[in-house]
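The values are calculated or read from the model by the stated rules, or taken from the named source; none is laboratory data. Remember, predicted model here, so these are calculated numbers, not experimental data. Neighbour counts run over all protein chains shown; Cβ positions are idealised from the backbone, glycine included. Accessible surface areas use protein heavy atoms only, side chains included; no ligands, DNA or RNA. Shrake-Rupley method; radii C 1.70, N 1.55, O 1.52, S 1.80 Å.
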Amino acid sequence: MNPVWLIAIPLALAFVSAFWRSVSGWVLIIAAFFNAFAGVFGVMSLTVTSFSIGGWKAPYGISLLVNDATKLLLPVANILFLFAVLSYLRKGGETARYSVVFLVALASLNGILLTNDLFNLFVFLEIAGITAYLLASTGEGSGSKVASFKYLIIGSVGSLLYLLGVAILYGAAGTLNISELAARVSSGQISGDVTLVSSLLIVAGLGVESKLLPFNGWVPDVLTKSSRVATLVLASVYPLAMVYAFSKVLLAVGDDRVLNLVVLLGIATVLVGEVIAFGQKSLRRTLAYSSIAQSGLAIFLVGVGSVESVTGSIMLLINNALSKFMLFSIDDQVIDEAGRDDRDTLYGYGRKSPIVGVTFVISALSIAGMPLFFGFRGKLNAISASFDTSLAVPVVILVAAAIEVTYYFRWIFTFFNPVGTSQVTEKRMLPSVEFLAFGLVLSTVIVFLGVSSGEAFTMFERAADSLVNGVLAIGKAILGGM
Amino acid sequence: MSILFVLAASLFAAPLFFLVSKLKKSVAYMAYAAFQVLVFLYVFFWGGTGSSYEVVGITSKLNFNFSMTSVNWFFASIVMLIISTTAVFMFPLKKSPVKVFLLSLVTAGALGAVFSADFLTLMIFWEISTWSSLLLIIQDKEKSTGEAIKYAAIAAVGSYSMLFAIFYMDSRLGTVEFSSVALKIESQPIGVQLTIFIALAIMVLAKMGSFPLHTWLRGSHSSAPDEFSPILSGGLTKLGGFLLFIMSIALPSFKGFGNLPILNGIPIVNYGFALLGGISIVVGTVMAIRMEDAKELIAFSTVSNSGYIVLALSIGGTYATAGGMMHILNHALASAAMFMAIAAVAYRTRTTKMHEMGGLIVKMPVTFAVYLVAIISVAGIPPTSGFVSKWLIYQQLVENGLPFLAFAAFFGSIGSFMYVFKPLAGIFLGQLKPEHEKVREAPLIMLAPMTLLTLLTIFWGVFPSNAIRSINRITESIGGGTVDVTFSRIVALTGEWDSVLVTTVFAIGFAISLLIFIRAKRARKVDLLDNYTGGDFLYTAELYHFSYRMYRPFDRLFEKWPSMENWLSSTSEKIKELGALLKAVFFNRNPQVYIALTVIVILGAFWWLR
């Protein structure tokens, strides 16, 4: 199956949904299901890696690249999107009202994951960005509109900077194909100044969406104030695509000096994110800052650039997507029941609603990186790779990790605080069926990947290898062929 | 059967026990207890063969490594003894599916840790044990969450320090296995050795509850569910002892640091570490004397005894190593017995505050005997095993001429008389409160494990050679010196200790006193209130039992001592303030700031990288 269908179907159905209001809810579900199935079954069995669009062969035309990394990330992203859409199907018509936005978002996220062309990436980034601004504004009250507006401003500036960077690179190299550019850059055909400036601009541009410091000012307000399904999509599916785009582009065309800068910015993001998250009193804000820190960790590993570190990056990325999905869902549940999610409201919540409590423990411990959970494996890679650069790097990462463990445990303890005997007789609360189903699936995946032996992780290593070496290999093949 | 099978069974048993206990809690707990006892018997009687196993799969380069050397066997036996006796002990206490699940995980983690043959395996299983014990601590009491977070923070500091050491070792030496590291580390520059040593030392201090990372013990041990405190104090802190033994004795830290300044035959790094142990002894003792809750008191006693272990294993030398290892065994037995006795009392009286009880010796005599022997062991009095370990440590301190450390060790011993006596007097001696008239002895299933620990304490006090011989095997395998033992005698520097002879003398003395007691006239029993004190008749039962703040003068003496208990909360406040500052800079409300930052970073980076 040509992966372009993953982009085309949602886009086409978006038009349908725009003009035919009454079926918009159904259309979204159909598209989400199609993408999920196609993402898993259609893509996994692909052997051909490069698909050209419109009959123009690479490197003249746009091509889609399906390598081991996309084979891993596409299914995860599409399935999480499906889960997000199905989560609140019964409650409220939010998905129906914004179905056009969701559909276009789905199309653009798949496009970002698949494309192998810099300008095409820009187009999809813009589309994804605009849908993100719209999704960010779906929350109640004016707070979400302001948050969305701030996101719009910094996002637009970021896109422009990215475009500028791409333009400079295009002017010097004459091609927009990522693989070919990788070959050209590594063979030294492009002047160092050009790669430096364009890489800097691209880092800034992609960094906005990837939550890199100091471009991530929009994150806390947006993630805190947008509505339910939108937050799920923005917090778990978007980072997958955006950080992957960051990795893809920078590992291919990035200047080495800029990669060192990325390491620095990544560590700073981690530290700042964790320190601020430590002091937050609302669960949602804690999760937002924690997302920043996790993105920072993934990006720092990209900056290191070895196969081992990029393996860790991909593992952390997927772990973050799975865990944050559950954590934000739990937060939604709590706000639904109680209206707020500060420490006092959450006291003993896990005892009243044990399934929610257990899911919270599993996701929180996975992000904190405790053994028996998936996050630990990624963290091991991260710490191991951090010794490749200077010795200060692992110290900072470990200090940030210690802070992270502490505040996650504080939240876990809040959830399971033994309440007085008077409240023990309260009825146990059951979460919704969707939450049970998706929580079960995601928890099982996290625990399974946490305890499986090393063989299960070759797929992550292959994915990393395809990013670090594979793109370059394809590029050399293209260059050689020309 | 192999270690791997036992470990895998332990891990899989956890969800199994959970499911079973959803149906019938007592069956699950019985199964859990039976499983632990079986594992202990297997480990103790068939272990020590020296076999090792390698299982692929932590990362692409690092594997799990397990082994069954004498060191592993020693620590595994101690940990499993404590866990299995506690598993049987906890049967009458409040059960829950969550607790049995977490207990199984704690056990599986502890097993994996003591069987490890490399640092990363040790770390991973230790972490499993840690996070499950954190969740277990908060199960029962309301104030436990505030205390457990201190444990979480300090444990995180320790764990990440150890992870730093592990990957630093990996990047420098290419290996993290104990034996390979021991060979390769000598050739590394002193800075590398120092970094690894200090990073591992932080983990040891954190997990053993030794100064300066001791502040979590008081809250966690006291607010943990009563059935878990023995395991926490007697079993899990001993994992720290395992790491300490490896890093201090097995890795040649003395040879490695031999080029640094030497104080009285000990490299300054080891001396500094021993000094922390010494301070820990003093702090633990002083604070224990001031406690009013029995469990908090025993928690500080654990701080103090961890200090002994740290002191002994850092000084090195034949006698200190043997003494330190024996102390690990002794303290595990004694501490678990103490916590179990208090748990038994709490099971019957529903309180652990010493001044709320009294006179329970008549109602719970066996529990009293268990507690008495345990405290005699902690105080280091023959013929219990506690004496032997302390005696050996003193030998080494005297040989090396270390007056400050010796002072700390003696202070700990003498001070411990004071604090171990307090629960004895407060709970068991004195006047029985009227509300405790109906209290009965603890059920048999609680008495049996406690009595076993007591008998073992006495056994190894009368025949310490039995334990010393096993320790000699361990030190021999590492290449260290051994302690001369015959059947009843230990030969050390200042003379020899003939335990059988001493015990015989004690027994004769006891027999004489018993004879006198039997021959003398019987005491006349009177009612509690048929009494007077201070020249006055009192009609309130509480006033006849003097135990609240019974060491008030001592308390006053140490009231103004600087306390480390607030450093965690201060650090936490500072982090929050830093967070607010960072938030104001990077996450300002105005989007103009974001754009400004973007431009500044791009320009700055270009200028810097050009």
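Largest first and in whole Å, the equivalent-ellipsoid semi-axes of the protein assembly as shown read 59, 32, 25, each the square root of five times a Cα gyration tensor eigenvalue.
Among the trypsin sites (Lys or Arg not before Pro) in the range B:358-459, those placed in a DSSP loop whose Cβ has at most 12 other Cβ atoms within 10 Å are B:Lys438, B:Arg440.
Taking Cβ atoms as reference points and 15 Å as the exclusive limit, the residues near A:Val471 contribute a net charge of +1, counting Lys and Arg as +1 and Asp and Glu as -1.
Other residues within the sphere of radius under 10 Å centred on the Cβ of B:Gly174, judged by their own Cβ, net out at +2 (K and R +1, D and E -1).
If every alpha-carbon in chain B counts as one equal scatterer, what log10 I(q)/I(0) does Debye give at q = 0.07, 0.08, 0.10 1/Å? So the normalised log intensities are -0.45, -0.59, -0.89. As a length-normalised measure over Cα pairs under 8 Å and 6 or more apart, the relative contact order of chain A settles at 16 percent. Coupling constants for the range A:382-394 follow from the phi torsions by the Karplus curve (6.51 cos²θ - 1.76 cosθ + 1.60, θ = phi - 60°), and in residue order they are 4, 5, 4, 6, 5, 7, 5, 9, 6, 6, 5, 4, x Hz; glycine and proline get x. Volume per residue of the convex hull around the Cα atoms, evaluated for the range A:168-208, comes out as 64 Å³.
Net length available on complete extension from A:Phe15 to A:Ser306 is 100.5 nm, with 0.36 nm assigned per residue and the Cα-Cα distance removed. Accessible surface of B:Ile508, taken over heavy atoms with a 1.4 Å probe and every protein chain present, rounds to 100 Å². Tell me, how many Å apart are the Cα centres for the range B:1-49 and for the range B:393-441? Cα centroid of the range B:1-49 versus Cα centroid of the range B:393-441: 35 Å apart.
How long are the semi-axes of the ellipsoid equivalent to the range B:378-503, from square roots of 5 times the Cα gyration tensor eigenvalues, in whole Å, largest first? Provide the component values of the computation, followed by the final result.
Values: eigenvalues 234, 82, 29 Å².
With the √(5λ) rule applied to the range B:378-503, the semi-axes are 34, 20, 12 Å.
The alpha-carbon of B:Lys574 sits under 16 angstrom from the alpha-carbons of these aspartates and glutamates, leaving out residues fewer than 8 places away in its chain: A:Glu274, A:Glu404, B:Glu565. Shown here are the Rg and Dmax of the Cα trace of the range B:224-293, at 16.3, 48 Å. Please report the net charge: other residues with Cβ closer than 11 Å to the Cβ of B:Met550, K and R +1, D and E -1. Surrounding charge for B:Met550 is +2. Model label sites at B:Ala584 and B:Glu437, defined 7 Å from Cα along the beta-carbon direction, differ in position by 6.6 nm. Using a probe radius of 1.4 angstrom, the carbon and sulfur fraction of the accessible surface of the protein assembly as shown is 67%. Were the residues from B:Ile508 through B:Glu476 laid out at 0.36 nm apart, the gain over their Cα-Cα distance would be 7.8 nm.
Out of the trypsin sites (Lys or Arg not before Pro) in the range A:1-81, which ones are loop residues according to DSSP with at most 13 other C-beta atoms within 10 Å? Qualifying residues, ordered by number: A:Lys57.
Figure note: B:Glu565, B:Glu186 ranked by solvent-accessible area, largest first, 1.4 Å probe, ligands and nucleic acids not counted: B:Glu186, B:Glu565.
Taking only protein heavy atoms and a 1.4 Å probe, what accessible area per residue, in Å², does chain A have with all protein chains in place? Kindly include the intermediate steps, with their values, before the conclusion.
Working: 15380 Å² over 482 residues.
With the other protein chains kept in place, chain A gives 32 Å² per residue.
When peptides A:334-341, A:110-117, B:280-287 are ranked by their average number of other Cβ atoms within 10 Å per residue, the highest-first order is A:110-117, B:280-287, A:334-341.
Overall, the ratio between the Cα radius of gyration of the range B:127-258 and 2.2 N^0.38 Å, rounded to two decimals, is 1.16.
Put the Cα centre of the range A:322-388 next to the Cα centre of the range A:79-134 and the gap is 25 Å.
If contacts are Cα pairs under 8 angstrom and at least 6 residues apart, what is the relative contact order of the range B:1-132 in percent?
31 percent
Residue-wise HN-Hα couplings along the range B:423-436, as the Karplus relation 6.51 cos²θ - 1.76 cosθ + 1.60 with θ = phi - 60° gives them from phi, are x, 4, 5, x, 8, 9, 8, x, 9, 6, 6, x, 6, 9 Hz; Gly and Pro carry x. The accessible area of B:Trp608, taken with all protein chains in place and a 1.4 Å probe, comes to roughly 150 Å².
Over the range B:1-132, with the other protein chains present, what is the accessible area per residue in square angstrom, probe 1.4 angstrom?
Value for the range B:1-132: 34 Å² per residue.
At 1.002 mPa s and 20 °C, plugging the Kirkwood radius over alpha-carbon pairs of the range A:256-451 into Stokes-Einstein gives what diffusion coefficient in µm²/s?
On the way: Rh = 17.1 Å.
Calculated translational D: 125 µm²/s.
Convex hull volume per residue, computed on the Cα atoms of the range B:1-132, equals 95 Å³. In chain A, the longest principal axis of the Cα atoms and the axis of helix A:99-114 are about 50 degrees apart. Chain A packed on chain B takes about 5400 Å² of accessible surface away from a 1.4 Å probe, both sides summed. The contact residues of the range A:231-263, meaning those that lose at least 40 Å² of 1.4 Å-probe accessible area when all protein chains sit together rather than their chain alone, are A:Arg257, A:Leu261. Over chain A, the Kirkwood radius and the radius of gyration, each from Cα atoms, give a ratio Rg/Rh of 0.96. Taking all protein chains as shown and a probe of 1.4 angstrom, B:Glu476 keeps an accessible surface of around 120 Å².
Direction-averaged shadow area of the convex hull around the Cα atoms of the range A:249-295, nm²?
Values: hull surface 13.5 nm².
So the mean shadow area of the Cα hull is 3.4 nm².
Residues within the reach of a label modelled at B:Leu528 (point 7 angstrom out along Cα to beta-carbon, backbone nitrogen below 19 Å), restricted to the range B:329-359, are B:345-359.
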